[in-house]
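One structure is given here, and the rest of the page talks about it.
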Amino acid sequence: MLLGEGKWKFQLDTMFYRGDAFMTVGSKDGEYDINIELVDMNVPDFSYEQLQAEENTVTGIAHTDLLKGKDLPFSVTFEGDAANGFLKVPYMGKIKLKDGEKIA
């Protein structure tokens, strides 16, 4: 089982979106498979690289076609059924993933 595997609900508060964000952490061919969803808002497709799990934190770099050639570093720390993290987005800064709770 991978660190953080399951479905998580976070609170987001940005200039573009305020509300619930859902992150599904699973595995595909033994590697992390991460999917992000927002309520009533389309999320661009992301790819992930340099994924590492160390102690209770998963870190990596996300990429999306909306920001071609830009690295979006992220980190999520899991503590039991709770989690918090961030995604650094160019021109927007650090988007906090707050008050995460495991829902499935």
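General remarks:
- Residues (assigned to a strand (DSSP E or B), touching a residue at least 12 places away in the same chain (Cβ under 8 Å), out of contact with any Phe, Trp or Tyr (no Cβ under 6 Å at 6 or more places or on another chain) and of a type outside the set (V, I, T)) located in the stretch 49-74: E49, A53, H63, L72, P73, F74
- Evaluation of D33 against (1) assigned to a strand (DSSP E or B); (2) in contact (Cβ under 8 Å) with a residue 12 or more places away in the chain (one fails), failing number: (2)
- Condition check for F46: touching a residue at least 40 places away in the same chain (Cβ under 8 Å) and surrounded by 11 or more Cβ atoms within 10 Å (Cβ to Cβ): no
For every residue, the table says whether it meets (1) farther than 15 Å from K9 by Cβ; (2) in contact with a strand residue (DSSP E or B) (Cβ under 6 Å, 6 or more places away or on another chain); (3) aliphatic (A, V, I, L, M); (4) modelled with pLDDT of 95 or more.
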{"site": "T24", "(1), (2), (3), (4)": "no, yes, no, yes"}
{"site": "D29", "(1), (2), (3), (4)": "yes, no, no, no"}
{"site": "I34", "(1), (2), (3), (4)": "no, yes, yes, no"}
{"site": "S47", "(1), (2), (3), (4)": "yes, yes, no, no"}
{"site": "G60", "(1), (2), (3), (4)": "yes, yes, no, yes"}
{"site": "L67", "(1), (2), (3), (4)": "yes, no, yes, no"}
{"site": "D71", "(1), (2), (3), (4)": "yes, yes, no, yes"}
{"site": "G85", "(1), (2), (3), (4)": "no, yes, no, yes"}
{"site": "P90", "(1), (2), (3), (4)": "yes, no, no, no"}
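- Residues in the stretch 1-15 that are touching a residue at least 40 places away in the same chain (Cβ under 8 Å) and not polar (S, T, N, Q): L2, L3, G4, G6, K7, W8, K9, F10, L12, D13, M15.
- Checked across the stretch 58-73, the condition of being at positive phi and more than 15 Å from the chain's Cα centre (by Cα) holds for at least one residue.
- Matching option when the condition is surrounded by fewer than 16 Cβ atoms within 10 Å (Cβ to Cβ) and without any contact (Cβ under 8 Å) to a residue 60 or more places away in the chain, among K94, K88: K94
Rundown of residues vs (1) surrounded by 15 or more Cβ atoms within 10 Å (Cβ to Cβ); (2) within 22 Å of N56 (Cβ to Cβ); (3) not β-branched (V, I, T), yes/no style:
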site: G26; (1), (2), (3): no, yes, yes
site: Y32; (1), (2), (3): yes, yes, yes
site: I36; (1), (2), (3): yes, yes, no
site: D40; (1), (2), (3): no, no, yes
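The values are calculated or read from the model by the stated rules, or taken from the named source; none is laboratory data. This one's a predicted model, so the numbers in the text were calculated from it and none came from an experiment. FYI the Cβ positions are ideal-geometry reconstructions off the backbone, even for glycines, and counts take in every protein chain you see.
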